[in-house]
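Enquirer: Input: one structure, supplied below.
The values are calculated or read from the model by the stated rules, or taken from the named source; none is laboratory data. As the structure is a computational prediction, the values presented were derived from the model and not from experiment. For neighbour counting, all protein chains shown are included, and Cβ atoms are generated from backbone atoms with ideal geometry for every residue, glycine included.
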Amino acid sequence: MAPKKVFWQAYLTLFFLFSISLFGANLSYAIKIGSISSVKGTRSNQLVGYGLVVGLQGTGDGTNSKFTLYTVANMLRKMGVTLSDTDIAALQPKNVAAVMVSATLPPFAQNGQKIDVTVSSIGDAKSLQGGTLLQTPLKAANGKVYAVAQGAVSIGGYNVGGSSGSSQKNHATAGRVPSGAIVERAVPSSMVSGDGTIDILMDRPDFTTSNNVASAINSNFGTIIAKAKSPESVIVKIPDTYRDNPVAFISRIENIDVTKHMSAKVVIDEKTGTIVIGGDVRILPVAVSQGSLTVTITNQTEVSQPQPFAKGKTAKISKKSVKVTEQKGHFFRLGQSTVADLVKALNAMGATPRDMIAIFQAISAAGALEAKLEII
């Protein structure tokens, strides 16, 4: 058997086994509230800045990156060195690279706390290996500076080469500075609203899960303190015993078990041929036919030899042949069944993942798939 066919059969078998285990289990399962939600007011913030990486070994920006030349000139001006326009044009910044610096400011970050930053080249630098990021202010969307970054850049790879060849590992024009930024401004945040409540936000909005969270909290505390406001929000009233200790109250809520609802959905990635099935997906009675048409074109070279004493010349002749093969169509009928039943039937037919994708799309278009079909 051809290796490619063995691979597809193994792929289909694995997919079938996964489906059987998925649909044979209870699709509603217990999970900690803290694993599927967050508390309003505890969000992170994105920061970004523009800076220079210096100390490169000839792998920095070239003269075509004019913004790098002017940035170097501005930096030198701040250091007390003034360059003329002629001097700026003559700069050779091969040991310098202009970069964008990005970071995520975690919730409740305080002055002096250190955070990691990511450094990415925006010019034509070949590598940031061995470089050092100079002091770079990091701003939020409101234009205010919340952190300042500086330090040695780690790219986790290399990019070396010469006239005879080159070698590269990982991405050499982007790297990180671990703990490279110091927080200079704390972001005001409040977990508790003015009326003494907290707002629990679902990571994935869902009516059933939101209602289950409210019910689990009320059951744990023995009183009605939580109410599902929307599919993504649960409002919880802080009891008097926790009025002065909201952290302990939130910690208790995060560790409560709740039944998470899985929606009926089939997600298809056409680029990779991946199919992921979630929830209690069922298929209404439907008939499915699957077949394929294969066209094979071959080009064979033959030699034409002239007869003895003839004045002809030996010549090469290209002979083409076209062969059309149509496999027999497979037609089968499904009653009220699950996707596992469909996969079992397709597996028996020898269908590839590409065939499965087309069949799922057709079943959904026919209105027989009791689930949302999402194509990414």
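Enquirer: May I ask you to list pairs of residues, at least six apart or on different chains, whose Cβ atoms are under 8 Å apart, with the first in the stretch 33-56 being closer than 30 Å to Ser121 by Cα and the second being of a type in the set (Phe, Trp, Tyr)?
Expert: Asn45/Tyr146; Leu47/Tyr146
Enquirer: Filter the stretch 163-179 for residues that are exposed (fewer than 12 other Cβ atoms within 10 Å of the Cβ) and either under 21 Å from the mean Cα position of the chain (by Cα) or among the basic types (Lys, Arg) (or both); which is modelled with the highest pLDDT?
Expert: Asn170
Condition check ((1) assigned to a loop (DSSP other than H, G, I, E, B); (2) exposed (fewer than 14 other Cβ atoms within 10 Å of the Cβ); (3) not acidic (Asp, Glu)) across all residues:
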{"position": "Asp87", "(1), (2), (3)": "no, yes, no"}
{"position": "Lys94", "(1), (2), (3)": "yes, no, yes"}
{"position": "Met100", "(1), (2), (3)": "no, no, yes"}
{"position": "Asn111", "(1), (2), (3)": "yes, yes, yes"}
{"position": "Ile115", "(1), (2), (3)": "no, no, yes"}
{"position": "Thr118", "(1), (2), (3)": "no, no, yes"}
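Enquirer: Select, from Ser44, Ser38, the only residue that is touching a Leu at 6+ places or on another chain (Cβ under 8 Å), at pLDDT 85 or above and farther than 27 Å from Ser154 by Cβ.
Expert: Of the residues listed, the single one that is touching a Leu at 6+ places or on another chain (Cβ under 8 Å), at pLDDT 85 or above and farther than 27 Å from Ser154 by Cβ is Ser38.
Enquirer: What's the number of the only condition in (1) closer than 14 Å to Val39 by Cα; (2) in contact with a strand residue (DSSP E or B) (Cβ under 9 Å, 6 or more places away or on another chain) that Ile256 fails to meet?
Expert: Checking Ile256 against (1) closer than 14 Å to Val39 by Cα; (2) in contact with a strand residue (DSSP E or B) (Cβ under 9 Å, 6 or more places away or on another chain), the one that fails is (1).
Enquirer: Could you list, in sequence order, the residues of the stretch 189-212 that are of a type in the set (A, V, I, L, M, F, W, C) and under 26 Å from the mean Cα position of the chain (by Cα)?
Expert: The answer is Ile200, Leu201, Met202, Phe207.
Enquirer: Just the residues that are modelled with pLDDT under 70 and either touching a Lys or Arg at 6+ places or on another chain (Cβ under 8 Å) or over 16 Å from Ala368 (Cβ atoms) (or both), please, taken from the stretch 260-287.
Expert: Gly278, Gly279
Enquirer: Filter the stretch 202-239 for residues that are among the hydrophobic types (A, V, I, L, M, F, W, C), part of a helix (DSSP H, G or I) and farther than 17 Å from Ile250 by Cβ and give the result.
Expert: Phe207
Enquirer: So which of Leu128, Leu105, Leu76 ends up being farther than 22 Å from Leu47 by Cα and among the hydrophobic types (A, V, I, L, M, F, W, C)?
Expert: When all the criteria are applied, what remains is Leu76.
Enquirer: Could you count how many residues in the stretch 240-279 are in a strand (DSSP E or B) and among the polar types (S, T, N, Q)?
Expert: 2
Enquirer: Among residues belonging to the stretch 57-72 that are surrounded by fewer than 19 Cβ atoms within 10 Å (Cβ to Cβ) and without any contact (Cβ under 8 Å) to a residue 40 or more places away in the chain, point out the one that is farthest from Glu254 (Cα to Cα).
Expert: Filtering first and then ranking leaves Thr63.
Enquirer: Could you please tell me which pairs satisfy a Cβ distance under 6 Å, a separation of 6+ or placement on different chains, a first residue in the stretch 363-376 that is in contact (Cβ under 8 Å) with a residue 60 or more places away in the chain and within 15 Å of Val276 (Cα to Cα), and a second residue that is of a type in the set (Asp, Glu) and in a strand (DSSP E or B)?
Expert: Here the result reads Ile376/Asp269, each pair linking the stretch 363-376 to a residue that is of a type in the set (Asp, Glu) and in a strand (DSSP E or B).
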